[in-house]
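Read-outs: derived from the displayed coordinates by stated rules, not from any lab. What you are looking at is a predicted structure, and each value in this text was computed from that prediction instead of being measured. Please note: Cβ atoms are built from the backbone with ideal geometry, for glycine as well, and neighbour counts cover all protein chains shown.
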Amino acid sequence: MPTVESVELDKFMGDWYVIGNIPTFIERDAYNAVENYATDEDGNVPTTFSFNKGSFDGPLKTYKPKGFIKDKTSNSLWGMQFIWPIKADYRIVYLSDDYQQTIIGRKARDYVWLMARTPTLSDDDYNAMVQKTKSLGYDVSKIRKVPQQSLEERNK
């Protein structure tokens with residue numbers, strides 16, 4: 001599965017709201033899912049994945065996998081380690097020019113994440129991301145739209 005040509009890591013770091021996904025078992029009932037990336041002095045990508053389980057008011061779940069950049073030329077092919085020693089395939093397969101939308105895929109096409117810098121997207125933008133996912137060979141009928149509250153609703 002092809003990745004994007006180049007990722008400027010400094011611009012990619014920070015919060016990404018999971019707008020839609022083919023979820024892993026831990027994400028099946030996630031609300032307000034957010035992935036946060038940072039870089040460390042070793043060139044790795046410590047990650048924080050958090051969400052409310054079962055509802056917007058559900059318990060907050062937080063996971064801290066570590067990303068490893070496998071292709072340092074493009075920065076678009078990573079390994080993501082939730083459990084040692086397994087590093088899952090993690091590919092930046094779409095990234096908007098303004099670093100506001102991204103799609104993370106896997107060669108096996110079993111999981112995918114459609115993410116944005118804001119918790120909501122227009123229907124047109126969301127549908128365009130789903131079509132991009134379909135063009136990569138995914139069964140888009142498996143994509144779950146992740147319930148997200150607006151920033152105002154989160155801060156009440």
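Run the helix sum for the chain: -39,500 (n - 2.57) per DSSP H stretch of 4+ residues, divided by residue count, reported at 222 nm to the nearest 500 deg cm²/dmol. Could the numbers behind the result be given before it?
Numbers: 3 runs with 21 residues, N = 156.
It lands at -3500 deg cm²/dmol.
Once Lys and Arg get +1 and Asp and Glu get -1 on their Cβ, which of 127, 69, 155 lies farthest toward the positive end of the dipole of the stretch 62-156?
The residue sitting most towards the positive pole is 69.
If r is the Cβ-Cβ distance from residue 134 to residue 5 and R0 is 22 Å, what FRET efficiency results, to the nearest 0.05? Working shown, then result.
Details: r = 21 Å, r/R0 = 0.96.
Efficiency, rounded to the nearest 0.05: 0.55.
Trypsin sites (Lys or Arg not before Pro), restricted to the stretch 66-116: which are DSSP loop and have at most 12 other Cβ atoms within 10 Å? Each step should come with its number before you reach the end.
Working: sites: 66, 70, 72, 87, 91, 106, 107, 109; in loops: 70, 72, 106, 107, 109.
Counting only loop positions with at most 12 other Cβ atoms within 10 Å, the trypsin sites (Lys or Arg not before Pro) in the stretch 66-116 are 72, 107.
Calculate log10 I(q)/I(0) of the stretch 73-155 for q = 0.12, 0.14 Å⁻¹, where I(q) comes from the Debye formula with a single equal point scatterer on each Cα and nothing for solvent.
For the requested q values the scattering log ratios are -0.41, -0.55.
Sort out the exposed loop GluC sites (Glu not before Pro) in the chain (DSSP loop, at most 16 other Cβ within 10 Å) and tell me the longest stretch that has none. Please report the intermediate quantities before stating the final value.
Details: sites that count: 5, 8, 41.
In short, 42-156.
Towards the positive end of the charge dipole of the stretch 9-150, with charges on Cβ (+1 Lys, Arg; -1 Asp, Glu), say which of 59, 24, 95 has the farthest Cα.
The residue sitting most towards the positive pole is 24.
Just to confirm a number: summing +1 for Lys and Arg and -1 for Asp and Glu over residues other than residue 39 whose beta-carbon lies under 13 angstrom from that of residue 39, what do you get? Working shown, then result.
Values: positive: 11, 66, 72; negative: 8, 10, 40, 41, 42.
Charge balance near residue 39 sits at -2.
Net charge around residue 148, counting only other residues with Cβ within less than 15 Å of its Cβ (Lys, Arg = +1; Asp, Glu = -1)? Please list the in-between numbers first.
Working: positive: 53, 117, 144, 145, 154, 156; negative: 15, 27, 29, 35, 57, 123, 125, 152, 153.
Neighbour charge sum, excluding residue 148 itself: -3.
List the residues, sorted by chain then number, that are 5 or more residues from residue 20 or on another chain and whose placed amide H is less than 5 Å from its amide H.
114, 146
Note down the magnitude of the dipole of the stretch 9-150 about its Cα centre, charges +1 on Lys and Arg C-beta and -1 on Asp and Glu C-beta and zero elsewhere, to the nearest 20 debye. Could the numbers behind the result be given before it?
On the way: 19 positive and 18 negative charges, 112 e Å.
I would put it at about 540 debye.
Please build a GNM for the chain, connecting alpha carbons under 10 Å apart, and tell me which residue among 17, 63, 31 fluctuates the most.
Top of the fluctuation ranking is 63.
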